[in-house]
Amino acid sequence: MKVYKTDLLRNVTLIGHGQSGKTSISEVALSYAGLTDRLGSVEEGTTVSDSDPEEISRNTSISLAFLPFEWEGCKVNLLDTPGYADFGGEVAAALRVADGAILVVDAAAGVEVQTERYSEAAAEKGLPRLIAVSKLDRENTDFGRALAEVRESLRCNAVAVSIPVGSQTGLSGVVDLVKGVCYTASQGKESEGPIPDDMAATVDEYREKLVEAAAEADDELMEKYLEEETLSPKEIVQGLRAATLAGKVVPTLALSASNTIGIRSLLNTIVADLPAPNEMGPVKGTNPRTG
């Protein structure tokens, strides 16, 4: 069995309202990590995490699923959780042991009741968060609108680290703003390529906000940004990670798991921006008799 150093571990939970797309995201992640050779479907009852007969018949998760895999040399212990309030105990258990959380927001439905509750619960526990805006291939979806709603409803500094290429049924990929590349979906995988020329202005607008957020996390980075008006990809990662761990920024990503779009950027961000266990400090318990 391979042994991982503590700094190469990521204990992460997927949280969000029911049917927001958490299980589909975990299914694609396992495929990208090479642990499955086909993508399961929630509707067909063939996903790895929803294996209980009751989950298969309901087409929804009812219990926590533990899904470990390796990405970029790190071991990611992913916890897929149910979204409905009836199974909130499973979410509480996941938040108790996780070091970071990925809040999944359905782009069409927006920020729903359980989305808000679980986001607050993660924040109260001091867990750094990512936000995955899912199902962007659906009609009546708009990434910019969803991002604005997340900022307002969840009262957080959500900053895009990937943006969609195309929209709704024309969604074809994402631009990774940190790496400065485009990931386009093809045959269940994402291939890396140049950013489309017609997206230059949009990319510049979003990337400027990302660089500003990264610079604000570190005095030296801010000084360089004010002098040169830019940061290197390595410096962006450095500043963004510091801001995420401090709770000052919530990196936000565009994706569509059903079209295998945006998952590569999400996995890269888990490794780059979410903490290892030794970065979270000791857990403090409470005495139920005294509070």
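Values in this text are rule-based calculations from the coordinates and carry no lab data. Being a predicted model, the structure only gives us computed values, none of them experimental. Reconstructed Cβ throughout: ideal geometry from the backbone, glycine too, with neighbour counts over all protein chains shown.
I'd like to compare 39-50, 6-17, 79-90: which one has the highest average count of other Cβ atoms within 10 Å, and what's the full order after that?
Most protected by this proxy first, the peptides run 6-17, 79-90, 39-50.
Antiparallel as a % of all DSSP beta bridges within the chain, to the nearest 5?
Looking only at bridges with both residues in the chain, the antiparallel portion is about 50 percent.
In nm, what is the difference between 0.36 nm times the number of residues separating E205 and N278 and their Cα-Cα distance?
Contour length minus the Cα-Cα distance gives 22.7 nm.
Given [x] 26.9, 101; [y] 18.3, 63; [z] 19.2, 54, which label gives Rg and Dmax of the Cα atoms in Å as computed from the coordinates?
[y]
In a shell of Cβ-Cβ distance under 14 Å around R38, excluding R38 itself, what net charge do Lys and Arg (+1) and Asp and Glu (-1) give? Walk me through the intermediate numbers first.
Working: positive: K189; negative: E27, D37, E44.
Counting the neighbours of R38, the net charge comes to -2.
For the stretch 6-279, what is the relative contact order in percent, using Cα pairs closer than 8 Å and at least 6 residues apart in sequence?
On the way: 588 pairs, mean separation 58.4, N = 274.
Once divided by the residue count of the stretch 6-279, the mean separation gives 21 percent.
Looking at this model, which pairs from K125/K248; K2/K248; K2/K135; K22/K125; K209/K234 are more than 24 angstrom apart at the alpha-carbon?
Values: K125/K248 15 Å; K2/K248 35 Å; K2/K135 35 Å; K22/K125 21 Å; K209/K234 16 Å.
Checking Cα-Cα distances, K2/K248; K2/K135 exceed 24 Å.
May I ask you to order 252-265, 22-35, 188-201, 112-125 by the average number of other C-beta atoms within 10 Å around their residues, highest value first?
Numbers: 252-265: 25.8, 22-35: 22.4, 188-201: 12.4, 112-125: 17.4.
Going from most to least packed, we get 252-265, 22-35, 112-125, 188-201.
Tell me, what ³J(HN,Hα) does each residue in the stretch 204-209 have, in order and in whole Hz, if you take phi through Karplus 6.51 cos²θ - 1.76 cosθ + 1.60 with θ = phi - 60° and put x for Gly and Pro?
Computed from phi, the couplings for the stretch 204-209 are 4, 5, 5, 5, 4, 5 Hz.
Treating only the Cβ of Lys, Arg, Asp and Glu as charged (+1, +1, -1, -1), what charge dipole size does the chain show about its Cα centre? Round to the nearest 20 debye.
Dipole of the chain, to the nearest 20 debye: 920 debye.
If you take every DSSP beta bridge whose two residues both sit in the stretch 127-281, what share of them, in percent to the nearest 5, is antiparallel? Don't skip to the answer; put the middle values down first.
Working: 14 of 20 bridges.
Around 70 percent of the beta bridges assigned by DSSP in the stretch 127-281 are antiparallel ones.
Just to be sure I understand the model, the point goes 7 Å from the Cα along the line to the Cβ. What's the resulting L35 to T6 distance in nm?
2.4
Going by amide H atoms built from the backbone, whose H comes under 5 Å of the H on Q19, apart from near neighbours?
G83
Mind listing the phi-derived Karplus ³J(HN,Hα) values for the stretch 249-261, rounded to whole Hz, using 6.51, -1.76 and 1.60 with θ = phi - 60°, and x for any glycine or proline?
Once θ is set to phi - 60°, the couplings for the stretch 249-261 become 9, 10, x, 10, 10, 9, 6, 9, 5, 5, 9, 6, 10 Hz.
Let a ≥ b ≥ c be the square roots of the eigenvalues of the Cα gyration tensor of the stretch 193-258; is it rounded (a/c under 1.5), or, if not, prolate (a/b larger than b/c) or oblate?
oblate
Give the distance, in whole Å, between the Cα centre of the stretch 12-56 and the Cα centre of the stretch 217-271.
Centre-to-centre distance over Cα atoms comes out at 26 Å.
Residues with amide H under 5 Å of I131's amide H, sequence separation 5 or more or different chain, H placed in the peptide plane at 1.01 Å from N; which?
Those lying under 5 Å, H to H, from I131 are L103, T252, L253.
With an 8 Å cut-off on Cα pairs and a minimum separation of 6 or more residues, tell me the relative contact order of the stretch 1-93 in percent.
It rounds to 34 percent for the stretch 1-93.
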